[in-house]
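A short worksheet on the structure shown next.
The values are calculated or read from the model by the stated rules, or taken from the named source; none is laboratory data. Nothing here was measured: the structure is a model prediction, and the numbers come from that model. Using ideal geometry, Cβ is built from the backbone for each residue, glycine included, and neighbour counts are taken over all protein chains shown. Ligands, DNA and RNA are excluded from the accessible area calculation, which covers all protein heavy atoms including side chains. Shrake-Rupley method; radii C 1.70, N 1.55, O 1.52, S 1.80 Å.
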Amino acid sequence: GFGNGPLLASTWKALLVTTADDGDRLPSYYADTTGGSPNLYPGPDYFYGWGLMNTRRAAETLDQNQRTASHRTHLREHTLFNGNTVEVLVEVGANTPRLQPTLSWTDPAYQSSNSASGVDENLPAVAVDSTAAVLINDLDLKVVRPEGGAAIEAWKLNPSNPRAAATRGDNTVDNVEQATVLPLSGSYLTPGTYKLQITHKGSLRRAQQTSGSPLRYQLLTGEYQKFSLAIIGNVERSSDLLRVTTVNRAVTPSNVLVPLTWTSDKGLRYRVQRSLDLQTWTDVPGDITATGTTSTATMAEALGINRLFYRVKEVNP
């Protein structure tokens, strides 16, 4: 599971972006002083990008994540299936000045329509400093505060006015989205549960190779997109652990019914596995898409089985 293998490239990218020193917090001598005064704005900009990389903070965040029981308090890797909305709950404690989640994903490779190889789709031709969006899969991140109200959208920039500050809105061009959450008043956020919502536009697509000479691909529709989240400003939640919380048993004349309940994140897909010896595990047919923070499934087993083990795995193809 997550925490026991190499991180996705998108996870490393999200980690470095969310722990970078933002331009609005840099010393004045770093600033772009064209016009006589520094232009230091919250969020990304065309001068600093996402900020200056803070290697120490990134390493500390990675270490803090690995010290949590679930290994996914600050770094998460999930799969968004076509048509789903994923909702990840994060907890903010007292005296927290900001919550900063960053969403990142490795988009299917873009190839222009004038390339010798690439995907069989009419995509924009390569041009210098083109502002045409070339995302294959456009994911979106929003944050809902515990106080309610309008969701906080991700940062976006205006290429027609590159010196302007970033604004909040629908980012349709980047495969990295960040939604910085600041206090409504005072110096600290309201403690409580914040909801990260990850959605997508259109139909999710995946590249599949169709020939090797020349190398070409086609885009399959109705597919899925793996994504990463890096989050700072939150604390560990006990529900981050993917675990079965309730196991019951009911014997009928024809079989044994075993209802299972486990903690879940809305919109993610789960698979139950069974074992007789804790060594060999087999999938129970029928994946389950979570509709809330708990999910249930009932196993029907043959009479006469004295001992069975179950576990739940998140589906990440």
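At a glance:
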| item | result |
| --- | --- |
| 15 Å beta-carbon shell around Leu8, net charge (K/R +1, D/E -1) | +1 |
| Furthest towards positive pole of dipole, Ser211, Ser275, Thr193, structure part the stretch 192-317, Cβ charges | Ser211 |
| Dipole moment magnitude, nearest 20 debye, the stretch 196-317 about Cα centre, only Lys, Arg, Asp, Glu C-beta charged | 260 debye |
| Unit charges on C-beta of K, R, D, E only; dipole of the chain, Debye | 760 debye |
| Kirkwood-based Rg to Rh ratio, the chain, C-alpha trace | 1.03 |
| Whole-percent carbon and sulfur share, accessible surface of the chain, 1.4 Å | 50 percent |
| Residue-count net charge about Ala69 - beta-carbon cut-off 15 Å; Lys, Arg +1, Asp, Glu -1 | +1 |
| Karplus-derived HN-Hα couplings along the stretch 74-85 (A = 6.51, B = -1.76, C = 1.60, θ = phi - 60°), whole Hz, x at Gly and Pro | 10, 10, 9, 10, 9, 10, 9, 8, 3, x, 8, 10 |
| Long-range amide H partners of Met299 with built H, under 5 Å | Val258, Leu260 |
| Angle in degrees between helix 55-67 and the longest Cα principal axis of the chain, rounded to the nearest 10 | 10 degrees |
| Distance in nm between pseudo-label sites at Leu220 and Ala250 (7 Å out along the Cβ direction from Cα) | 3.8 nm |
| Neighbour net charge for Asn137 - beta-carbon separation under 11 angstrom, K R +1, D E -1 | 0 |
| FRET E, pair Leu241, Thr190, Förster distance 22 Å, beta-carbon r, rounded to 0.05 | 0.30 |
| Distance between modelled label sites at Ala59 and Ser275, nm, 7 Å Cα→Cβ extension | 3.6 nm |
| J(HN,Hα) series, the stretch 172-181, from Karplus relation 6.51 cos²θ - 1.76 cosθ + 1.60, nearest Hz, glycine and proline x | 10, 10, 10, 9, 9, 10, 10, 10, 6, 10 |
| Exposure rule at most 15 other beta-carbon atoms within 10 Å, DSSP loop GluC sites (Glu not before Pro): the chain longest free segment | 148-317 |
| Alpha carbon centroid spacing (whole Å) that separates the stretch 186-238 from the stretch 291-309 | 30 Å |
| Farthest positive-ward along the chain dipole, Cα basis, beta-carbon charges - from Ile288, Trp262, Leu16 | Trp262 |
